[in-house]
Amino acid sequence: MKKKSNEQIVDLKTQPIPEGHHLLEVDNLKMYFHTEDGVVHAVDGVSYTLDRGETLGVVGESGSGKSVTAKTLMGLIPMPPGKIEGGDALYRGQSLLSMSEEQMQSVRGNDIAMIFQDPMTSLNPVYKIGRQVGEGLRLHRGYTKEQAEQRAIELLDLVGIPEPEKRVKEYPHQFSGGMRQRVMIAMALACDPDILIADEPTTALDVTIQAQILEVMQEMQQKNGNAIIMITHDLGVVADMADKIMVMYAGRPVEFGTADEIFYNPRHPYTWGLIRSIPEQAIDEKQPLTPIPGNPPSLVNLPKGCPFAPRCVYAKPICHEQCPEHHTTETGHYSACHFADDLEFLKNAPDTSRSRKNNVAAVEEMNMVGGEE
Ligand code: SF4
């Protein structure tokens, strides 16, 4: 329920994190869409915590609920048709879901900023780059036009855009795809957000630019200590930068753990499939790519039992009857698979032990060949 709008707007980033809380706590979040075709279970029971300086990778195919989860935190889902059906999301101990729109406007861009997938649809074609990068500073920090432009020049320089003094006066169409993506990062970093959410920030870019963009984000994190949520369909993108990873399927988290747990000891067949889909040929041409067969299920009519069962080569009769609970280890590594604790089952799983090493090596190789655009 929304609060009344005459409250005093607080810059939450300046508030201490209450004892016993994390920077961000998402607890059993459920966001459904009520459509003419039925109820779309877009986000169905997502939970995780995030602290300053940490990077969370959120991985899954299109339609797995990754982006909707992030947009729900940012208050960017139109309601209706969206509806929060349960759970909560606390930022510095305060519920994002029950904040007034005025308070959320202060949070968006200032405390939690998002880099969207497609910079061309997120940048306004009729405004100069400098104005767009400095907009958040004028809105949240009270910068004058001149101060905002000066800071925009510094931010463009920071993300590696050459001749930033000249570039701030240009329009989005005068920038290449990689440059526009860097502009989006500059915009997102303008107010030094506590949490940077990057939604497939490198999908449309070639591997050299991808590596450079990821490097810029990591440098910013080392300097400012902000937390990053990296949303991607490609587990390889987060191999070298995530501290922990949540794998999503059909709106649900199916596996969660540290990056080492996910890459070296995956406990869910869908995660095995994602790992085997990582393009490892960059360093080993003999390793074939193994796509996951089939398509994700309709989120309106989820199959009975495990949602992954129709595509899972390990499925047994119980999988088509009962939806698996989370099986959680002492370290908090969980898997929503009936056989997650079955050592015999895991023993016969595909060999994934080399994947992270290979992928980290491939990313490093990309970084080494990465030059200026
Ligand atoms: Fe596959 Fe069954 Fe595990 Fe689902 S519960 S991932 S169908 S083995």
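Where a number appears in this text, it was derived from the coordinates with a stated rule and is not lab data. Computed from a prediction, not measured in an experiment: that's the story for all the values here. Counting neighbours? That spans all protein chains shown, and the Cβs are built from the backbone with ideal geometry, glycine included.
For the reader, a short list of remarks on this structure follows.
- Principal-axis tilt of helix 207-224 within the chain, Cα atoms, nearest 10 degrees: 70
- Among VAL238, HIS140, PHE175 the positive-end extreme of the charge dipole of segment 137-240 (Cβ point charges): HIS140
- In this structure, the amide hydrogen of HIS327, modeled 1.01 Å from its nitrogen in the peptide plane, lies closer than 5 angstrom to those of SER335, ALA336, CYS337, counting only residues at least 5 positions away or on a different chain.
- Here segment 1-159 is described by how far its Cα atoms reach on the three principal axes: 49, 39, 34 Å, from widest to narrowest.
- For segment 138-181, the dipole from Cβ point charges (+1 on Lys and Arg, -1 on Asp and Glu) about the Cα centre works out to 200 debye, to the nearest 20.
- In terms of its alpha-carbon gyration tensor, segment 8-95 comes out prolate; a/c meets the 1.5 threshold, and the first ratio a/b outweighs b/c.
- Taking a ≥ b ≥ c as the square roots of the Cα gyration tensor eigenvalues, the chain comes out oblate, since a/c reaches at least 1.5 and a/b does not exceed b/c.
- The mean sequence separation of alpha-carbon pairs under 8 Å and at least six residues apart, normalised by the residue count of the chain, gives a relative contact order of 19 percent.
- Principal-axis tilt of helix 177-189 within the chain, Cα atoms, nearest 10 degrees: 80
- Cα-based reach from LYS304 at 16 Å (exclusive), listing aspartates and glutamates while leaving out same-chain residues under 8 positions away: ASP44, GLU321, GLU325
- Lysine pair count for segment 1-130 (Cα-Cα distance under 29 Å; residues 8 or more apart in sequence or on different chains): 25.
- Here the chain is assigned +1 on the Cβ of each Lys and Arg and -1 on the Cβ of each Asp and Glu. Its dipole about the Cα centre then comes out at about 800 debye.
- C-alpha long axis of helix 129-141 to longest principal axis of the chain, angle in °: 90
- Three principal axis extents of segment 115-182 based on alpha-carbon atoms, in descending order, are 30, 23, 20 Å.
- Note that segment 293-303 has calculated 3J(HN,Hα) couplings of x, x, 10, x, x, 5, 7, 8, 10, 5, x Hz, one per residue in order, obtained from phi through the Karplus relation 6.51 cos²θ - 1.76 cosθ + 1.60 (θ = phi - 60°); glycine and proline are x.
- Using only Cα coordinates, the Kirkwood hydrodynamic radius of segment 87-131 works out to 12.7 Å.
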